[in-house]
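Colleague: Following this message is one structure expressed as structure tokens.
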């Protein structure tokens, strides 16, 4: 019975456009909350950075007699932890859009939107730290990627308004800015000298100023002379592959942990300032590049004012 009442209510809402339909006022503006899903390509992030291992080198003091002096005599061991982040296929996008009525067939479009995705993975590792080779730790890795974009462009309706429903085409130029990638590595030690303590490493890289073109097609349904719902599908393509820059890192490893090098799933190319990631072979470094090509499907609730 509840499902039947819901269906009747939906039919009434859809039937509302059969009431009086007025043309938009010349020069009027329309405000639209936008929400949906987007699937940017981001191949380097998904198939490269997400697979980067956590690498380092540590001194081992337990293998030598207690009276041995001088840290230079301590042997060192390399460690590489593979804890890849799960892939993603799409993420939520939300924003605001404004349209100005130009004529019965055209609108000027101005908007802003944000997109974000996150991933997490956890394993157990044996971490050589504080001079001991076999400290057991829970290793949790978290990664998040987000960006904001503003855009302007044009919407063209296939039929002159007013119409109860109308197909339209859209073409917009986007500037993607405030691109941010953050990665956290949390080691919670279960045995050995550091048992009960944590060590955390955080890396963050950013960039801005990436241009992209978007073309889309949509269907707008008018519920009355001021409110409409649009469903839109679009494809967007960035004009270039952009490198991530501005890497910063912080971690609470200290001298007593006897880590001598590494801790570098991400790093900086000193020549150009670009961010690189450690390849899955644990040796090669590759540039962290962004490819903003993909599809999106969004809904827009339009309110004329």
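Colleague: Return the only residue of 159, 155 being in contact with a strand residue (DSSP E or B) (Cβ under 7 Å, 6 or more places away or on another chain), at pLDDT below 95 and over 23 Å from residue 53 (Cβ atoms).
Modeller: Result: 159 is the single residue among 159, 155 that is in contact with a strand residue (DSSP E or B) (Cβ under 7 Å, 6 or more places away or on another chain), at pLDDT below 95 and over 23 Å from residue 53 (Cβ atoms).
Colleague: What tally of residues in region 195-215 results from selecting those that are farther than 29 Å from residue 49 by Cα and in contact (Cβ under 8 Å) with a residue 60 or more places away in the chain?
Modeller: Matching residues across region 195-215 total 1.
Colleague: Search region 225-264 for residues being surrounded by 14 or more Cβ atoms within 10 Å (Cβ to Cβ) and part of a loop (DSSP other than H, G, I, E, B), and hand back the single one that is nearest to the chain's Cα centre (by Cα).
Modeller: Here the residue is 244.
Colleague: What's the number of the only condition in (1) under 30 Å from residue 137 (Cβ atoms); (2) at pLDDT 95 or above; (3) more than 21 Å from the chain's Cα centre (by Cα) that residue 180 fails to meet?
Modeller: Condition (3) is where residue 180 drops out.
Colleague: Could you count how many residues in region 183-194 are in contact (Cβ under 8 Å) with a residue 60 or more places away in the chain and either more than 30 Å from residue 123 (Cβ to Cβ) or under 26 Å from the mean Cα position of the chain (by Cα) (or both)?
Modeller: Result for region 183-194: 3.
Colleague: A further question on this structure: Counting just the residues of region 203-221 that are over 21 Å from residue 287 (Cβ atoms) and within 24 Å of the chain's Cα centre (by Cα), which one comes out surrounded by the fewest Cβ atoms within 10 Å (Cβ to Cβ)?
Modeller: 215
Colleague: Residues in region 40-54: is at least one surrounded by 17 or more Cβ atoms within 10 Å (Cβ to Cβ), modelled with pLDDT of 85 or more and in a strand (DSSP E or B)?
Modeller: yes
Colleague: Right, something else. Are any of the residues in region 274-290 in contact (Cβ under 8 Å) with a residue 60 or more places away in the chain, assigned to a loop (DSSP other than H, G, I, E, B) and over 12 Å from residue 52 (Cβ atoms)?
Modeller: No, region 274-290 has no match at all.
Colleague: Further, regarding this structure: Checking residue 166 against (1) surrounded by fewer than 18 Cβ atoms within 10 Å (Cβ to Cβ); (2) out of contact with any helix residue (DSSP H, G or I) (no Cβ under 8 Å at 6 or more places or on another chain); (3) farther than 16 Å from residue 294 by Cα; (4) in contact (Cβ under 8 Å) with a residue 40 or more places away in the chain: exactly one of these is not met. Which one?
Modeller: (1)
Colleague: Can we say residue 144 is touching a strand residue (DSSP E or B) at 6+ places or on another chain (Cβ under 9 Å), loosely packed, with under 15 Cβ neighbours inside 10 Å, assigned to a strand (DSSP E or B) and touching a residue at least 24 places away in the same chain (Cβ under 8 Å)?
Modeller: In short, no.
The values are calculated or read from the model by the stated rules, or taken from the named source; none is laboratory data. Bear in mind that the values here come from a model prediction, so they are computed numbers and not experimental data. Every residue, glycine as well, gets a Cβ built from its backbone with ideal geometry; the counts of neighbours run over all protein chains shown.
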